[in-house]
1. Along each principal axis of its Cα atoms, how long is segment 10-83 end to end? Whole angstroms, biggest number first, please.
2. Suppose each label sits 7 Å from its Cα in the direction of the beta carbon; what would the Asp285-Gln229 distance come out to in nanometres?
3. Between Leu352 and His435, how many nm apart are label points set 7 Å from Cα along the C-beta direction?
4. Net charge around Arg347, counting only other residues with Cβ within less than 14 Å of its Cβ (Lys, Arg = +1; Asp, Glu = -1)?
5. Around Gly120, under 15 Å between beta carbons, what's the net of Lys plus Arg minus Asp minus Glu among the other residues?
6. Using Cα pairs under 8 angstrom and six or more residues apart, how large is the relative contact order of segment 307-449, in percent?
7. Output the relative contact order of segment 113-268, whole-number percent, from Cα pairs under 8 angstrom with separation of 6+ residues.
8. When we measure straight from the Cα of Lys93, which aspartates and glutamates land under 15 angstrom away, once same-chain ones fewer than 8 places off are left out?
Amino acid sequence: MSPKQTEAAAADPYFPNNGDHRYRTHRYELTLDYRPGPNRLAGTARITAIAGRAPLREFALDLAAFRIGRVLVDGRPGHYTHRGGKLRIKPAKAPAAGAAFTVEVHWSGNPKPVRSPWGGLGWEELTDGALVASQPVGAPSWYPCNDRPSDKASYHLSVTTPSPYTVVTGGRLLTRTTRASSTTWVYDQPAPTASYLVGLSVGPYRGVPLARPGPGSVAQTGWVPARLQGRFEHDFARQPQMMALFEELFGPYPFTEYAVVVADEELDVPVEAQGLATFGTNHVDGARGSERLIAHELAHQWFGNSVTIGGWPDIWLNEGFAKYAEWLWSEHSGGPSAQRKAETAYRKLLALPQNIRIGDPGRSLMFDDRVYERGGLTVHALRTALGDPVFFRMVRDWATSRRHSVVTTAEFAAHLARYGGHAADGLLDAWIGRHRLPPLPLAARATPL
Ligand SMILES: [Zn+2]
C-alpha cells in the first residue's frame, strides 16, 4: 500500500478526515499569544513526533483556516499546502522509518469553532474571554495537531494574554510572569493526552481551592467569576468526597491536579478535558442541582482521559462508565441507589426507539442520550451479573492496568471475560451490540456502597 492508502485504511470511521496514522506525536510545545478583545491568536507549535513504518515523505497536521507563517521540519523549511483543515507537509528531507523528528508551525488569525452536527466545537469566544471544548474534533480550531484520539502526547503550554485575565488549562502551572500589561502562564501536562482533551479557558476568573495537595489528596481548584464564588463553594463542596470515592473504586486519580472552570456563559453541557472540566453558569445554582454532572466529569478523568478510546465508535466506554459513576455517587452519598437509577434509565429507554447499537452508534448518534443511559445500564448489568466484589475488582483493574493508554471495546470484552467468563461476554454483546433492550438487570447481589 502507498502511504496515502495506509492513512485512509486506518482512519476513524466517523471522522476519516482527521488525524494521520503515518506518524505519532510525542510532545507538543505550544506558545500562544491571545488577545480577547479582537479574539486574535498567534501561536508557535513545536511538535516532537516519530515516523511510522515508512519514510515520511509527506504527512499532515489538522489545522483550521489560519494564516501560516512558516513550517519547519527538523529545522528546515518544508513545502506545505493548507486547505480543508489539513496542513500537508513535505519535509525537505524525509524522516526515516521509526525516526524521531520535529515540526514547527507558526500560525495566526481569529480562532472560531469548527462546525459540526452538534454545533460549534473547539475554540469559542465568550463575552469576556474564551474557552475550548473540542470533543470530538474541535482541537484544530486553535492549534495544529494529529487529531486522532489514539495519538496521545505530553503538552507544554505557554499562553500570554492581558494581565486581568486568568489562563486555565489541565496540568501543573509552572510559572506566571507579568511584563508590562501582559501575563504569561506556563503549564505542563506530562501525562499522555489526546488532542481533543487539551482544554483551555481565558477569563476574569478567581481561584477557589477545593482541596489542597497533600498525602492522599489531589489538588483541586475552581476558577469562577467572582460573583458566583458562594454558590460554587456550596455546589462543588462534595467534589473532594467524590474524588475519594472514585480513587477507592477506580484506582488512583490519573493526573497530578484537577481544575474546574465555571465559564461566565451558559453551556448546554459541561465538558471534560485532561485534568480539567468546564461548566457553565447554569450548572451552578447554589442548590447542587448539577451534582451528578460534577461526578460525571470527574469520572471521565479515568474513563476517556486516562483510559482513552482509540476510535469514536467505542464512545460508550467513555460515557457508559461516566454515567454509571453518577449512579455510584448517588448511591454512596445517600441519594437513590444505582438500582433505582438503572430502573429510571430503563423506563426512559423503553419509551424510545430501540434502533441503536451503542457499541457503534454511528457518527450522528454518538452523543445520543441512549448511548449514555444504555451505557450506564450496561455497566450496571455487569455489576449485577458479576456481584460487587468481582465487578469492582474488574473495573479497578481495567482503569489501573490501562492507565494512560488507548483501548478498544474488544480489549474491554477480553478483560471482562477474565472476570465473568463467557456469560459476561454474551451479556456485554446483548447490551452494546444489539438493538433490542435486554431485560432490566436486577440487583440481587448489588449491595449499596
Ligand atoms: Zn460524558
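1. Principal extents (largest minus smallest coordinate, Cα): 44, 34, 23 Å.
2. Label at Asp285, label at Gln229, 2.5 nm between them.
3. 1.6
4. +2
5. Details: positive: Lys112, Arg115; negative: Glu124, Glu125, Glu265, Glu266, Asp268.
Spelling it out: positives minus negatives among the neighbours equals -3.
6. 36
7. On the way: 302 pairs, mean separation 32.8, N = 156.
Here the relative contact order equals 21 percent.
8. The qualifying aspartates and glutamates are Glu58, Asp74, Glu104.
Bear in mind that the values in this text are calculations on the coordinates, not laboratory data. Here the structure is a predicted model, which means the values were calculated and not measured. Glycine also receives a Cβ, built like all others from the backbone with ideal geometry; neighbour counts cover every protein chain displayed.
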